[in-house]
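None of the figures in this text is laboratory data; all of them are computed from the coordinates on show. A quick note: this is a predicted structure, and the numbers were derived from the prediction, not measured. FYI the Cβ positions are ideal-geometry reconstructions off the backbone, even for glycines, and counts take in every protein chain you see.
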Ligand SMILES: Nc1ncnc2c1ncn2[C@@H]1O[C@H](COP(=O)(O)OP(=O)(O)OP(=O)(O)O)[C@@H](O)[C@H]1O
Ligand SMILES: O=P(O)(O)OC[C@H]1O[C@H](OP(=O)(O)OP(=O)(O)O)[C@H](O)[C@@H]1O
């Protein structure tokens, strides 16, 4: 592999298509293989890149360890994971927000030992600590909306996008916490050793991000 090759950690799932579209709009020749392959490493020599396709929550881990030079990660993941990486650009894609939700009958006054379920235990504990409220956090890996319905926790902290999941499960939003978009992140050592390529990538992405925002 060429020394100048940039390894990009891409999140599989929701963010993926929007991130690929941004790269293509920034004139990176991303191979069509990307759109249908089950391969987890995809070489794109014409773009001077190699892509690794990771679980969204793991992207900052690959970048922190330097096995990827750069990556794309949700702000939610950045707050939860607290990895030692530079967050250099807001890509303004995959927008959603983090919220506290509960059943409409939820009454904070009648809560004896407050329990909050979330896929984001660190973000949740930091939030409630800042609010000066002591809560027990119950870590779940998905289907968070189940927790209040089944009586596992009084409140949940989860991502809201269309609000359909909350509505379909009869939950209501109590508080909007943080706006979320995806970020372009960089390994601190790579930022020094591959500065020309990474600066170029940031500039090209920033340009298409701004065009996208202007078009809206
Ligand atoms: N409605 C949404 N629900 C969850 N994440 C969203 C939503 N909209 C945008 N996002 C962004 O997408 C990222 C999650 O993507 P995705 O749901 O594909 O992965 P995941 O939650 O790790 O999924 P899984 O654990 O099911 O593989 C979040 O980190 C967030 O930044
Ligand atoms: O506001 P909405 O547009 O309904 O989106 C929000 C829902 O989407 C995510 O769940 P996901 O689909 O990733 O499933 P999960 O329960 O496995 O996390 C998130 O955890 C919410 O449940």
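Here are some notes:
- The DSSP beta bridges internal to the chain are antiparallel in roughly 65% of cases.
- Protection-proxy order for peptides 83-91, 160-168, each taking the mean of Cβ atoms within 10 Å per residue, highest first: 83-91, 160-168
- Per the Debye calculation on the range 117-203 with a single equal scatterer at every Cα and no solvent contribution, log₁₀ I(q)/I(0) for q = 0.24, 0.25 Å⁻¹ amounts to -1.22, -1.31.
- Value at 222 nm in deg cm²/dmol, rounded to 500, when DSSP H runs of n ≥ 4 in the chain each add -39,500 (n - 2.57): -9500 deg cm²/dmol
- Computed FRET value (nearest 0.05) for residue 125 with residue 25, which takes r as the C-beta separation and R₀ as 41 Å: 0.60
- Take each peptide in 72-81, 53-62, 107-116, count the other Cβ atoms within 10 Å of every residue, and average; sorted highest first, the result is 72-81, 53-62, 107-116.
- Across the range 1-122, Cα-Cα pairs farther apart than 22 Å form 44% of the total.
- Computed Kirkwood radius, in angstrom, where 1/r is averaged over Cα pairs of the range 174-213: 12.3
- Spacing of the two label points (7 Å from each Cα toward its C-beta) at residue 4 and residue 40, in nm: 3.0
- Distance between the range 96-111 and the range 175-206 - C-alpha centres, whole angstrom: 34
- Here the calculated FRET efficiency for residue 176 and residue 110, from their Cβ-Cβ distance with R0 = 25 Å, stands at 0.60, rounded to the nearest 0.05.
- Degrees separating the helix 195-215 axis from the principal Cα axis of the chain, which is the longest one: 60
- Note on residue 165 and residue 14: the model spin-label points, each 7 Å out from Cα along the C-beta direction, lie 0.6 nm apart.
- Quotient of C-alpha Rg and 2.2 N^0.38 Å, computed over the chain: 1.14
- With Cα atoms, 0 to 90° folded angle of helix 14-25 axis to the chain main axis: 30
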